[in-house]
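Input: a single structure, listed below in structure tokens.
The values are calculated or read from the model by the stated rules, or taken from the named source; none is laboratory data. Just so it is clear, the model here is predicted, and its values are computed rather than measured. Here Cβ is always computed from backbone atoms with ideal geometry, including for glycine, and neighbour counts include all displayed protein chains. Accessible surface areas use protein heavy atoms only, side chains included; no ligands, DNA or RNA. Shrake-Rupley method; radii C 1.70, N 1.55, O 1.52, S 1.80 Å.
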Amino acid sequence: MGMATIPTRYLIVILTFICTAVCYIERVGFSIAYTVAADAEGVSQSSKGTILSTFYYGYACSQVPGGWAAQKIGGRRVLLLSFVLWSLTCALVPLDPNRVITLIVARLLVGVAQGFIFPSIHTVLAQWVPPHERSRSVSLTTSGMYLGAAMGMLLLPSLVKFRGPQSVFLAEAALGGMWSLLWFKFASDPPRSQHPKAAASGFGESLLPVKEGHNEKTKNDRTSHIPWRRIFLSLPVWAIVANNFTFHYALYVLMNWLPTYFELGLKSSLQEMGSSKMMPYLNMFLFSNIGGVIADHVITKKIMSVTKTRKVLNTVGFAVSSFALIAIPHFRTPDGVVLCSSLALGFLALGRAGFAVNHMDIAPRYAGIVMGVSNTAGTLAGIIGVGLTGQLLEAAKTTDSDLSSPDSWRAVFFIPGLLCILSSLVFLLFSTGERIFD
């Protein structure tokens, strides 16, 4: 009984779900712990911003290399090495705001290590999960991000209060270490003998790195040659990239600036809101899994083709999110803003059953590489969106010094709303659910 009775592919999906949850606990945890430590030392806002943003530069740089490494030596191994690296960094680096260079190097290392994780996950899932289970598998895996963010925001402030900021680093390292042990013990590559029809199905044996000395020249050539030119010139790939950019632009703007909107735009204290401020992330967790179940049901029952299913869910998710984002500054109560932001993030998560699974539809063999390309765009969107929002608000101060006017915030939420419409149109026009890379 226990782990041995669970089909291996389900165990892989469960472990990758826990993986993404732990990663986002780490991200939220560092922000919480460092902010408390930095404020206690009187660190300037610009210096805090430098430290907090360093992670994303490392994260952006390692996305495509992460996909390449997963393709060459296997996503399972790369995922384990990545987790061990960032966990050791958290365990060994002291949280001293005055040691700026040490913290910058540490955050770069954590960013680089975590940048390998999502391309590796997509490579592993493409190997293990058959096409009719991909939507809900990817949706469950990625929903761990939102559950992890919600859990981190809810629980870690209390840990900081009672045990100090450094305790968060140690707790994160412990979680990373425990997950690494579970992955080492229970994860494996799909046995070649169990997948005689893998090539036709688009998963399993045919997606594994070919061992040295393999005597099938054609398979060896197909595995060793990565069609970089075709990937970068493919319109369906760019449709995924555009939607990944928009998703993360909206997500990072809301994650980083919604608290400021509550505090300055609505003159409302986050502490007084209690657990309601977690609703947008819990909604993402819920809607992400709903989208995956719907997509797999529609595809399995042959109600719609894979292409139509991806396009419908992506369009519905991004369209509703667009209207919700644009409506946020028109609500002048915390409850109204929580409702709009919950709808916006929830339906963005629903849309992931469209674009975010599409990597494995069009390029199961190169899913990690395509994911790396699109996730690089998503990370750059976060850097651009968060920075641009700060500039927009700084400019708005000329007419509204305390940023309490809705006019000060309209452009902040209109831009991601407009991007949702534009990127969904790109996906409608250029995406496909068919396999285009052999």
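Here is the figure for segment 83-100: residues that are of a type in the set (S, T, N, Q) and either surrounded by 14 or more Cβ atoms within 10 Å (Cβ to Cβ) or under 26 Å from the mean Cα position of the chain (by Cα) (or both) total 2. Looking across segment 414-438, the residues that are modelled with pLDDT under 95 and either touching a Leu at 6+ places or on another chain (Cβ under 7 Å) or of a type in the set (Asp, Glu) (or both) come down to 434, 438.
Could you check segment 117-158 and list, in sequence order, the residues that are within 16 Å of residue 26 (Cβ to Cβ), open to solvent by 50 Å² or more (accessible area, probe 1.4 Å) and in contact with a helix residue (DSSP H, G or I) (Cβ under 8 Å, 6 or more places away or on another chain)? If the condition is that a residue be within 16 Å of residue 26 (Cβ to Cβ), open to solvent by 50 Å² or more (accessible area, probe 1.4 Å) and in contact with a helix residue (DSSP H, G or I) (Cβ under 8 Å, 6 or more places away or on another chain), then 151, 153, 154, 157 are the ones that fit. The number of residues in segment 296-305 that are in contact (Cβ under 8 Å) with a residue 40 or more places away in the chain and closer than 12 Å to residue 133 by Cα comes to 3.
Out of everything in segment 364-405 that is within 20 Å of residue 66 (Cα to Cα) and of a type in the set (Ser, Thr, Tyr), what residue ends up being nearest to the chain's Cα centre (by Cα)? Looking at residues that are within 20 Å of residue 66 (Cα to Cα) and of a type in the set (Ser, Thr, Tyr), I get 379. Only residues that are more than 22 Å from the chain's Cα centre (by Cα) and without any contact (Cβ under 8 Å) to a residue 24 or more places away in the chain were counted across segment 101-119, and they come to 3.
Within segment 311-335, the set of residues being surrounded by fewer than 23 Cβ atoms within 10 Å (Cβ to Cβ), in a helix (DSSP H, G or I) and among the charged types (D, E, K, R) comprises 335 only.
Taken over segment 401-438, the criterion of being open to solvent by 20 Å² or more (accessible area, probe 1.4 Å) and over 21 Å from residue 311 (Cβ atoms) is satisfied by 401, 402, 404, 405, 406, 407, 410, 411, 414, 415, 438.
Of the residues making up segment 292-307, those that are within 15 Å of residue 362 (Cβ to Cβ) and not aliphatic (A, V, I, L, M) are 305, 307. Looking across segment 23-59 at every residue that is touching a residue at least 24 places away in the same chain (Cβ under 8 Å) and of a type in the set (Val, Ile, Thr), the one that is surrounded by the fewest Cβ atoms within 10 Å (Cβ to Cβ) is identified as 50.
Scanning segment 341-377 for residues that are under 20 Å from residue 246 (Cα atoms), open to solvent by 10 Å² or more (accessible area, probe 1.4 Å) and either touching an Asp or Glu at 6+ places or on another chain (Cβ under 8 Å) or of a type in the set (A, V, I, L, M, F, W, C) (or both) yields 343, 347, 350, 373, 377.
Yes/no matrix, rows are residues, columns are (1) among the aliphatic types (A, V, I, L, M); (2) buried (at least 22 other Cβ atoms within 10 Å of the Cβ); (3) assigned to a helix (DSSP H, G or I); (4) modelled with pLDDT of 90 or more:
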site	(1), (2), (3), (4)
211	no, no, no, no
246	no, yes, yes, yes
250	yes, yes, yes, yes
262	no, no, yes, no
287	no, yes, yes, yes
